[in-house]
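K.L.:
Just dropping this structure here.
The values are calculated or read from the model by the stated rules, or taken from the named source; none is laboratory data. This is a predicted model, so every value here is computed, not measured. Neighbour counts run over all protein chains shown; Cβ positions are idealised from the backbone, glycine included.
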Amino acid sequence: MRRTANETTTQTLTRLIKALDAKHPVTITYTKADGTETIRTIEIYDVTVSAAGDILLKAMDRETGESRSFRLDRIEAYTVHRSAYVVTRPAADDKPKARTTGLATVTVLYPVDCPAVARVQLLADALAA
């Protein structure tokens with residue numbers, strides 16, 4: 001288990017993007033908005049940025065089978081597993097959604113062979129723009 005307090009946001013994001021690339025599930029210890037902690041095993045399928053500048057992980061929750069968003073800064077600890085994804089993502093998640101008030105996304109195109117560290121830098125550059 002890795003504690004996010006012991007590493008930079010860039011290191012955490014890089015490891016989670018690598019898990020996304022390899023389609024490896026991640027078990028996270030997450031602090032909800034009300035302050036309670038929960039442990040979830042998720043299958044990440046997208047990384048976006050909110051209008052407030054928070055990095056969001058969009059993922060399928062293995063417990064409920066539903067799509068959820070998790071703020072990176074609220075993840076206390078995580079473990080990347082070696083197994084494969086098992087939750088089927090609904091087709092509706094593949095289609096562009098109508099713009100939600102208060103939430104902005106940043107689209108960053110990566111070359112096919114772009115390593116995770118370079119993608120994190122591209123994402124950081126897109127956020128700064």
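K.L.:
Say we look at the stretch 37-92 and pick out the residues that are in contact with a Leu (Cβ under 8 Å, 6 or more places away or on another chain) and of a type in the set (G, A, S); which of these is modelled with the lowest pLDDT?
P.N.:
Looking at residues that are in contact with a Leu (Cβ under 8 Å, 6 or more places away or on another chain) and of a type in the set (G, A, S), I get A51.
K.L.:
Then there's this: Could you pull out every one of the strands (runs of 3 or more DSSP E) wholly within the stretch 1-98 that has 1 or more residues that are surrounded by fewer than 12 Cβ atoms within 10 Å (Cβ to Cβ)?
P.N.:
Per the criteria, 37-49.
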